[in-house]
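What follows is a short report on a single structure.
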Amino acid sequence: MSDPKRRGDRLWRWLLSDGWNRVERAIPNTSRAQLSLPVMEVAIGVLVVFAVLSGIILGIPPPEPRETQLDTYARDTATLLEDPSTPYRLPALTTSRSGFEQGAPLLSDRLKELLPENLMARIETPHGVIGYRSPSDAPIGQTTIPTPNGSVRILVWYP
């Protein structure tokens, strides 16, 4: 039987002498660590597939409901119509029937100027209505403005 220490010594001597050169020659290009081009292509392909799948799985955020945008249009319209420096003021519409009849044409024109062409609107006061009849089956944005003589309601919708 051979001694384990002696076997280790022999292996060690062989590696130091000629064995290591044989091992290096058996493994080509040991001095350079390079990946082959197909391996790189596969890695990039896996990353692209992962990115697409994660986009599909996670998805995109749902679009904002139309009512929210319409409510914003209604609030913005109310803010612009409440401006005290303009001749068409919402409180003047609620004082009397004659005040409503005087201010309604001006306010109707101003309403057409303020809103985009693809929107329809209606202003409801205690003394009358300006604008189109609101549909029952479409989403409607609305806001109510309190005035000293009653409230004014603004409705906005897509036709």
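Structural remarks
- In sequence order, the range 42-48 has phi-based couplings of 5, 4, 5, x, 5, 5, 5 Hz under the Karplus curve 6.51 cos²θ - 1.76 cosθ + 1.60, θ = phi - 60°, and Gly or Pro positions carry x.
- Dividing the mean sequence gap of close Cα pairs (under 8 Å, 6+ apart) by how many residues the range 66-157 holds gives a relative contact order of 36 percent.
- Distance in nm between pseudo-label sites at Val49 and Leu114 (7 Å out along the Cβ direction from Cα): 5.7 nm
- Packing here is the average count of other Cβ atoms within 10 Å per residue, and on that basis the peptides 70-82, 107-119, highest first, run 70-82, 107-119.
- Note that the range 121-136 has calculated 3J(HN,Hα) couplings of 9, 8, 10, 10, 10, x, 10, x, 10, 10, x, 8, 6, 7, x, 8 Hz, one per residue in order, obtained from phi through the Karplus relation 6.51 cos²θ - 1.76 cosθ + 1.60 (θ = phi - 60°); glycine and proline are x.
Laboratory data are not the source of any read-out in this text; all were calculated from the coordinates shown. Please read these numbers as outputs of a predicted model, since none were measured by experiment. No Cβ is skipped: glycine too gets one built from the backbone with ideal geometry, and neighbour counts run over all protein chains shown.
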